[in-house]
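The values are calculated or read from the model by the stated rules, or taken from the named source; none is laboratory data. In this text, all values refer to a predicted model and were calculated from it rather than measured experimentally. Reconstructed Cβ throughout: ideal geometry from the backbone, glycine too, with neighbour counts over all protein chains shown.
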Amino acid sequence: MSGLLQNTDSAVETAAKGHDFIVVEGPIGVGKTTLANRLATSFNSDLLLEGAVDNPFLEKFYEDPQAAALPTQLFFLLQRARQLREMKQEDMFTPVRVADFLIEKDRLFAELTLVADELELYEQVYASLTIDTPSPDLVVYLQAPVEVLLERIQRRGLKHERFIEAAYLQRLSDAYIQFFYQYNNAPLLIVNAADIDFAHNDDDYRLLYQRIIEVQSGRHYFNPAQMDF
């Protein structure tokens, strides 16, 4: 084999012991969907993706945030809550499920983009839609500097992202840092995603995958640049 991680029964069994539901999170452009896809393949698991391209308000939001923030956020909230409800109702014999979104991050974006009266309305809808949604067994939080995020966003060239500015990404990254500084709802693996290429480098992915299946509790860090994990 060329370094690709094989989908062995033992790998899936190892992960399933403590990781029935894995969430990959991080700011726009950090690579969470790419990693979620690779993990789902490795685990032979179901995959939940937030589907930003399906949001008809997103391009308008990046062009004029003040005008389109509320419908953009409500669309995402309805979409994500529905996916999680459907996941909970599905056959639970699937060993692992992987998602590229954490439902709590929806509020993070809302607090960042909505004005006071919009946020009050959003909070009411959020409270009613997120009752009894499933919680992850592990969260993988990917971090990277804003200049890295911008470069990756520009490289992938998605139409709805062409208006994203560095200032917005910085605010978003800072909000993520603050959110996960206080996060204790699930085991957490914080990854320096600036210095690892899990999309194209199979050795990098193998190292990260191994770290993911090792984490069972607490807060952990993965920094391939230092290799001190």
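Looking at Leu58, Leu74, just one residue is within 23 Å of Gly29 (Cβ to Cβ) and touching a helix residue (DSSP H, G or I) at 6+ places or on another chain (Cβ under 8 Å), and that residue is Leu58. Filtering the range 44-91 to residues that are crowded, with 16+ Cβ neighbours inside 10 Å and of a type in the set (Asp, Glu) leaves Asp46, Glu50, Glu59. Scan the range 215-228 for residues that are surrounded by 13 or more Cβ atoms within 10 Å (Cβ to Cβ), out of contact with any helix residue (DSSP H, G or I) (no Cβ under 6 Å at 6 or more places or on another chain) and either under 16 Å from Leu138 (Cβ atoms) or not polar (S, T, N, Q) (or both) and jot them down. Those that are surrounded by 13 or more Cβ atoms within 10 Å (Cβ to Cβ), out of contact with any helix residue (DSSP H, G or I) (no Cβ under 6 Å at 6 or more places or on another chain) and either under 16 Å from Leu138 (Cβ atoms) or not polar (S, T, N, Q) (or both): Val215, Arg219, His220, Tyr221. Just one of the listed residues (Phe101, Phe109) is part of a loop (DSSP other than H, G, I, E, B) and under 30 Å from Ala225 (Cα atoms), and it is Phe101.
When the range 175-189 is filtered for residues that are more than 15 Å from Asp106 (Cα to Cα) and not hydrophobic (A, V, I, L, M, F, W, C), the ones remaining, listed by number, are Tyr181, Gln182, Asn184, Asn185, Pro187. Of the residues Ala110, Ala68, Ala81, Ala127, only one is in contact with a Lys or Arg (Cβ under 6 Å, 6 or more places away or on another chain) and more than 27 Å from Leu208 (Cβ to Cβ); which? Result of the check over Ala110, Ala68, Ala81, Ala127: Ala68. If the condition is being assigned to a loop (DSSP other than H, G, I, E, B) and without any contact (Cβ under 8 Å) to a residue 40 or more places away in the chain, then the range 190-216 contributes Ile196, Asp197, His200, Asn201.
Cβ separations smaller than 6 Å between residues 6+ apart or across chains give the following pairs from the range 173-189 residues that are in contact (Cβ under 8 Å) with a residue 60 or more places away in the chain and surrounded by fewer than 17 Cβ atoms within 10 Å (Cβ to Cβ) to residues that are of a type in the set (A, V, I, L, M, F, W, C) and not in a strand (DSSP E or B): Ala175/Leu108; Ala175/Leu112.
Scanning the range 136-151 turns up one or more residues that are assigned to a helix (DSSP H, G or I), at pLDDT below 95, more than 17 Å from the chain's Cα centre (by Cα) and of a type outside the set (A, V, I, L, M). Taking residues in the range 7-31 that are under 15 Å from Gln210 (Cβ atoms) and hydrophobic (A, V, I, L, M, F, W, C), and partners anywhere that are part of a strand (DSSP E or B) and modelled with pLDDT of 50 or more, the pairs with Cβ atoms closer than 6 Å and at least 6 places apart or on different chains are Ile22/Val98; Ile22/Leu138.
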